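Enquirer: Following this message is one structure expressed as structure tokens.
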Amino acid sequence: MRLIPRTKKARLALATLALLASGLVVYLVLVPFVRYSQYEPEEGDIVFQSLPRVALVRTIQGATHSPYSHCGVVAREDGEWIVIESLGKVKKTGLFRWVLQGRGGRFAVYRLKEPYRQHIPRFLAELRAFLGTPYDRKFGMDDETLYCSELVYKAYRNATGEELGSAVRLGDLDWQPYEETIRDYEGGPAPLDRLIITPRHLSEADQLDKALSAGL
């Protein structure tokens, strides 16, 4: 079996394909790893990322004028760093795997300010209490289903009795360009009076400082 093509044209095509494959590996793995290596995790860190571009992600980022479409909380478990997140359901994801799922491995880290760090053990316990809860496609505020920033917001509120960031009305966001997507997920008209806590408004909480921007 001949591994090297006979013709110059075929060899050039193979070399081009190899270069493209190498570039893809660099983009999908090496660049995220370099960004990940910049990060020194601490329990209770809230991490934000941009997920791959689909209609819902474009809606979240566009309506909030923010690069953040997803978030979770860092914890340590069995000697490994994980992220507790709501994606499909509330679950635990290895930290590097979590970085890889974002566009280009870009992410940002927000850390609780010193006066609030005493709440971290209880905060993590409340997050774990929600494990297995299904994802909320309609972005309501009940506890039967949870979207990503709602998970973080409610776990912190349950742990401390305090709000983390401010819930906003859907109608106060730039929702009009994304009405079709909103109607599709809602199964009807856009619920403009619905209160939601977006990744952007979570990141603006007074209790948080931005600790790292890894490409985001």
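Enquirer: Under 5 Å between amide hydrogens, which residues at least 5 positions from residue 211 or on another chain qualify, with H placed 1.01 Å from N in the peptide plane?
Expert: 109, 110, 111
Enquirer: Another one. Which ³J(HN,Hα) values in Hz, rounded to whole numbers, follow from the phi angles of the stretch 179-194 under the Karplus curve 6.51 cos²θ - 1.76 cosθ + 1.60, where θ = phi - 60° and Gly and Pro get x?
Expert: Per residue, the Karplus-derived 3J(HN,Hα) values read 4, 4, 5, 4, 4, 5, 6, 7, x, x, x, 4, x, 5, 8, 5 Hz.
Enquirer: Name the residue from 30, 115, 213 whose Cα lies farthest towards the positive end of the charge dipole of the chain, charges +1 on Cβ of Lys and Arg and -1 on Cβ of Asp and Glu.
Expert: 30
Enquirer: HN-Hα J couplings of the stretch 203-216 from phi, Karplus 6.51/-1.76/1.60, θ = phi - 60°, integer Hz, Gly and Pro as x?
Expert: 5, 8, 4, 5, 7, 10, 10, 6, 9, 7, 10, 9, x, 9
Enquirer: Across the Cα atoms of the stretch 38-214, what radius of gyration and what greatest pairwise Cα-Cα distance (Dmax) are found, in Å?
Expert: Taking only Cα atoms of the stretch 38-214, I get Rg and Dmax of 15.3, 47 Å.
Enquirer: Taking amide H positions as placed 1.01 Å from N in the peptide plane, with prolines and chain starts having none, which residues 5 or more places from residue 77, or on another chain, fall under 5 Å of its amide H?
Expert: 82
Enquirer: Mark the label point 7 Å from the Cα of residue 209 along Cα→Cβ and return the residues of the stretch 156-174 whose backbone N is within less than 16 Å of it.
Expert: Within reach of a label on residue 209, which here means backbone N under 16 Å from a point 7 Å along Cα→Cβ, the stretch 156-174 contributes nothing.
Enquirer: With each pseudo-label sitting 7 Å past Cα toward Cβ, what's the residue 185-residue 168 distance in nm, one decimal?
Expert: 1.4
None of the figures in this text is laboratory data; all of them are computed from the coordinates on show. Quick caveat, the model's predicted, so the values are computed rather than measured. Here Cβ is always computed from backbone atoms with ideal geometry, including for glycine, and neighbour counts include all displayed protein chains.
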